[in-house]
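Below you'll find the structure, written out as structure tokens, and then a few comments.
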Amino acid sequence: MSPDSFDRLQSLMASRAGFRLTRDRMKLAEHRLGPLARREGYETVDDLLASLWAKPVAGLGWAVIEALLNPETWFRRDRPTFDTFASELLPALSTARGGAPVKIWSAGCSTGQEAWSLAIGAMDAGFPIEIVATDLSQRALEKARSGAYTGFEIQRGLRAGTMLAWFDQAEDNWIAKPQLRAAVHFARANLLDPPADDHRFDVIFCRHVLGDMEPARRGAVLDNLERRLVDDGCLFLGIDESLDGDSLAFRAVAGRPGLFVKAPGALRRAA
């Protein structure tokens, strides 16, 4: 891949999706684009990109972006986060909502393991929930909707008892059971886009997403998350992620890495 093509890739990722593609990832980018080039009928990645630059096609452009997104995820990633969610937040929020379902958004859900983990935690604890899980990648969402995972994937984060309780084995895959699938709705969404409606959530998970974004774009994403979160709701980032001045809308919760609530200033604006 030529430096010029990589520079154009960087601009494409930043403008369309807000994601940062640093120069040290050039070889990784070429590796990830190889399968896409073959699927689209090109002999090399350079041929694929030359075609895209010569005649920009929205579908191909998004396919390139999706191929470069980081898909890394697993069940109950950062286990203490899910323990806090199920044992502390859900009881409090369910009581505050009068027993109505707690509404949760898994933003940047990748192939779905986070959303299923949230549903399992809530249903094991006996609390009604409604989960919307979104991602920019259509391919990731296809896998998430299938609810099917290999033996390696299903064991990465889940204990044997949980696997057997919530997934059925079908040949080489483990497939989410119907009652689990009924709790989660998957949809495509770009976190840069302002909310299209007034639907708000009690809890938002947006973990291991902001760290891959252009610093200049993080504020816009956090503003959109703030608009989607109810005033007494909670935002989860990754346990090692911080806002570092990216947003004044949230403040960290002491003793709970990765957990944020709305800052007083954001509440005053809402009022």
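Data overview
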| item | result |
| --- | --- |
| Some residue of region 70-91 being more than 20 Å from L237 (Cβ to Cβ) and either without any contact (Cβ under 8 Å) to a residue 24 or more places away in the chain or part of a helix (DSSP H, G or I) (or both) | yes |
| Any hit, region 196-203, residues being out of contact with any Lys or Arg (no Cβ under 7 Å at 6 or more places or on another chain) and either of a type in the set (D, E) or under 28 Å from P35 (Cβ atoms) (or both) | yes |
| Matching residues, region 1-15, being more than 11 Å from I65 (Cβ to Cβ) and assigned to a helix (DSSP H, G or I) | P3, D4, S5, F6, D7, R8, Q10, S11 |
| Within region 200-220, considering residues that are touching a Ser or Thr at 6+ places or on another chain (Cβ under 9 Å) and in a helix (DSSP H, G or I), the one nearest to S11 (Cα to Cα) | R218 |
| Subset of region 243-271 that is surrounded by fewer than 16 Cβ atoms within 10 Å (Cβ to Cβ) and assigned to a helix (DSSP H, G or I) - its residue that is modelled with the lowest pLDDT | R268 |
| Odd one out for S94, checked against (1) touching a residue at least 40 places away in the same chain (Cβ under 8 Å); (2) in contact with a strand residue (DSSP E or B) (Cβ under 8 Å, 6 or more places away or on another chain); (3) small (G, A, S) | (1) |
| Selection count, region 185-203, where residues are crowded, with 18+ Cβ neighbours inside 10 Å and under 25 Å from W62 (Cα atoms) | 3 |
| Positions within region 131-155 being in contact (Cβ under 8 Å) with a residue 60 or more places away in the chain and outside any loop (DSSP other than H, G, I, E, B), in sequence order | V132, Q138, R139, A140, E153, I154 |
| Scan of region 1-48 for residues that are farther than 30 Å from G219 by Cβ, more than 25 Å from the chain's Cα centre (by Cα) and surrounded by 12 or more Cβ atoms within 10 Å (Cβ to Cβ), ordered by number | M1, A37, R38, E40, Y42, T44, V45, D46, D47, L48 |
| Residue check, I104 assigned to a helix (DSSP H, G or I) and either in contact (Cβ under 8 Å) with a residue 12 or more places away in the chain or within 30 Å of D232 (Cβ to Cβ) (or both) | no |
| Any chance L158 is outside any helix (DSSP H, G or I) and buried (at least 21 other Cβ atoms within 10 Å of the Cβ) | yes |
| Residue among E114, E40 that is closer than 29 Å to A148 by Cβ, touching a strand residue (DSSP E or B) at 6+ places or on another chain (Cβ under 7 Å) and among the acidic types (D, E) | E114 |
| Complete set of residues in region 229-241 that are closer than 12 Å to C206 by Cα and surrounded by fewer than 19 Cβ atoms within 10 Å (Cβ to Cβ) | G238, I239, E241 |
| Residues that are free of Cβ contacts under 8 Å to residues at least 12 places away in the same chain and closer than 19 Å to D212 by Cβ, drawn from region 242-263 | S242, D244, G245 |
| Single residue of D240, D197 found to be outside any strand (DSSP E or B), within 22 Å of F82 (Cβ to Cβ) and of a type in the set (D, E) | D240 |
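The values are calculated or read from the model by the stated rules, or taken from the named source; none is laboratory data. Keep in mind that what you see is a predicted model, and the values were worked out from it rather than measured. For neighbour counting, all protein chains shown are included, and Cβ atoms are generated from backbone atoms with ideal geometry for every residue, glycine included.
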